[in-house]
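These notes are about the structure you will find just below.
The values are calculated or read from the model by the stated rules, or taken from the named source; none is laboratory data. All of these numbers come straight from a predicted model, not from anything done at the bench. Cβ coordinates were reconstructed from backbone atoms using ideal geometry, including for glycine residues, and neighbour counts include every protein chain displayed. What goes into the accessible areas is simple: the full protein's heavy atoms, side chains included, and nothing from ligands, DNA or RNA. Shrake-Rupley method; radii C 1.70, N 1.55, O 1.52, S 1.80 Å.
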Amino acid sequence: MKPVAAVLDLMPPASQQVISDIFGPDFDIVFVEDNGDDAKRAAAKGATVLLTMWGAVDAQTLAAGVPDVRVVQKLGVGTEKIDSVAAARNGVVVLKAAGINADAVAELAVLLILAVGRYLPKATAAARTGAIAKEALRAESFQLLGKTVGLLGLGHIGQAVARRLAPFGVSLIYHDVVPAPAEVEAACSVRFATQDEVIEGADVISLHLPSTPATDKIINAQSLTRTKPGLILVNTARGSLIDEAALAAAIEDGRVLGAGLDVTAEEPLPVTSPLLDLDRVVLTPHVGGAVANNFPRVIDRAYRNVRAVLDGGALSPADVVTWPESAGVRR
């Protein structure tokens, strides 16, 4: 009898096929029929492996899988929605796929920077309606050449963004709690700066930080009073990094030019959010890593990680979130 791999997010047929092609030879696969809690817990019952993309894996879902479940594999990076404490208590390994979406997210970050700077929503609307808007757009559009771009966070995604932005002729500065090695800084054409220097000196700020108590609302009313006039702010990391009401106010009064947001504090963004009324805010629905031609890489990484846990093989330490002692020795 094959072990069971339960997919805890509702997937379209194309994504189900990718998972089936890679996991199917070794696992019986259970796909949830909706994103409700009951469906997740039913799927987890009797499963050896839980695969999760967007949704939460709470203590009740983990408990439904006990004693069979051995590993939770995040099909991506952010694991704040997985109850790692409950997983450890039940001897369940929690893994992620560090850096797997870096290139895709970096491409979107660059896209959002350009879309805000070139006022893409207004330009697109003008083209579709036949409006003569060239001179108006000239006064409201800005190129990247000669700008200073500040990166808060220089992990996999921050580095990928830096490598893509350097050819635009920008100056790149970054801040991270641990400065990158000199060879990484050279490869990414970046210079270390203090957090204050990034906030106060950058024309563009791109956020690449995890969601932690220390980073909660790192962009807030106070920090936004210190930024350069005409700031472009981009967030492809976590919505908790920004005080959205303060950002909306700063855009409305002209201190901030605009923002490109792939993530928000509440997803989807509530209809009452003031950000929805601002045409210099470019919004995407948390799709930074959601590209069809990267998904097979994500699932292949997940498969190899799961097999390493079940077979006692080696896997990258960067992918380990929780490895309780009861799960055995990690190789």
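Evaluate 2.2 N^0.38 Å with N set to the residue count of the chain, then give the Cα radius of gyration divided by it. Could you put the intermediate results ahead of the total?
Numbers: Rg = 21.6 Å, N = 331, 2.2 N^0.38 = 20.0 Å.
Dividing the Cα radius of gyration by 2.2 N^0.38 Å gives 1.08.
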Subject >> Label-to-label distance, nm, for residues given as S211 and D279 (7 Å Cα→Cβ offset) >> reply: 3.2 nm
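For the full complex of protein chains and a 1.4 angstrom probe, list D176, D253 by accessible area with the highest value first.
Values: D176 35, D253 90 Å².
The ranking, largest first, comes out as D253, D176.
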Original post:
If the cut-off is 24 Å between C-alpha atoms, which lysines fall inside it for K147, apart from same-chain ones fewer than 8 positions away?
Top reply: K122, K134, K228
Original post:
So which aspartates and glutamates can K96 reach, going by Cα to Cα under 14 Å and dropping same-chain residues fewer than 8 places off?
Top reply: E80, D83, D300, D319
Subject >> Cα-projected label distance for R164 with D176, points at 7 Å along beta-carbon direction, nm >> reply: 1.7 nm
Original post:
Roughly how many Å² of V177 are accessible to a 1.4 Å probe, to the nearest 10?
Top reply: 130 Å²
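Would you mind telling me the share, in percent, of accessible area of the chain contributed by carbon and sulfur at probe 1.4 angstrom? Don't skip to the answer; put the middle values down first.
Numbers: 8580 of 15490 Å².
Summing carbon and sulfur atoms, their accessible area is 55 percent of the total for the chain.
With helices defined as uninterrupted DSSP H runs, which ones in the chain have an alpha carbon span along their own long axis of at least 18 Å and mean Kyte-Doolittle hydropathy of at least -0.5? Before the final figure, lay out each step's value.
Values: long enough: 102-117 (22 Å, 2.12); 295-311 (24 Å, -0.24).
The qualifying helices are 102-117, 295-311.
Can you work out the accessible area per residue across the chain, with the rest of the protein chains kept in place, probe 1.4 Å, in square angstrom?
Ligands and nucleic acids excluded, the figure is 47 Å² per residue.
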Original post:
In a Debye calculation with equal point scatterers on the alpha-carbon sites of segment 75-160 and no solvent, what is log10 I(q)/I(0) at q = 0.18, 0.21 Å⁻¹?
Top reply: -0.89, -1.02
Original post:
What value, in deg cm²/dmol to 500, does the helix sum -39500 (n - 2.57) over DSSP H runs of n ≥ 4 give at 222 nm once divided by the residues of the chain?
Top reply: -10000 deg cm²/dmol
Subject >> Largest-first ordering by accessible area, 1.4 Å probe, given options R164, R128, R280, R89 >> reply: R128, R89, R164, R280
Original post:
What are the ³J(HN,Hα) values, in whole Hz, obtained from phi via the Karplus relation 6.51 cos²θ - 1.76 cosθ + 1.60 with θ = phi - 60°, for each residue of segment 316-322 in sequence order, with x given for Gly and Pro?
Top reply: 5, x, 5, 8, 8, 9, 9
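Assuming a viscosity of 1.567 mPa s and a temperature of 4 °C, what translational diffusion coefficient in µm² per second does Stokes-Einstein assign to segment 87-235, Rh being the Kirkwood radius over Cα pairs? Numbers along the way, then the final one.
Working: Rh = 16.9 Å.
Translational diffusion coefficient: 77 µm²/s.
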**OP:** Decide, for segment 210-285, between rounded, prolate and oblate: order the square roots of the alpha carbon gyration tensor eigenvalues as a ≥ b ≥ c, take rounded if a/c falls under 1.5, and otherwise choose prolate if a/b is larger than b/c, else oblate.
**Re:** oblate
**OP:** Report the residue, chosen from G158, G24, G65, that carries the largest GNM mean-square fluctuation when the chain is represented by alpha-carbon nodes joined by springs under 10 Å.
**Re:** G24
Original post:
Given H placed on each backbone N at 1.01 Å, which residues far from D9 in sequence or on other chains put an amide H within less than 5 Å of it?
Top reply: V32, M53
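Keeping all protein chains in place and using 1.4 angstrom, which order do L8, L283 fall into by accessible surface area, from largest down? Present the calculation step by step, with values, prior to reporting the outcome.
Working: L8 0, L283 65 Å².
The ordering from most to least exposed comes out as L283, L8.
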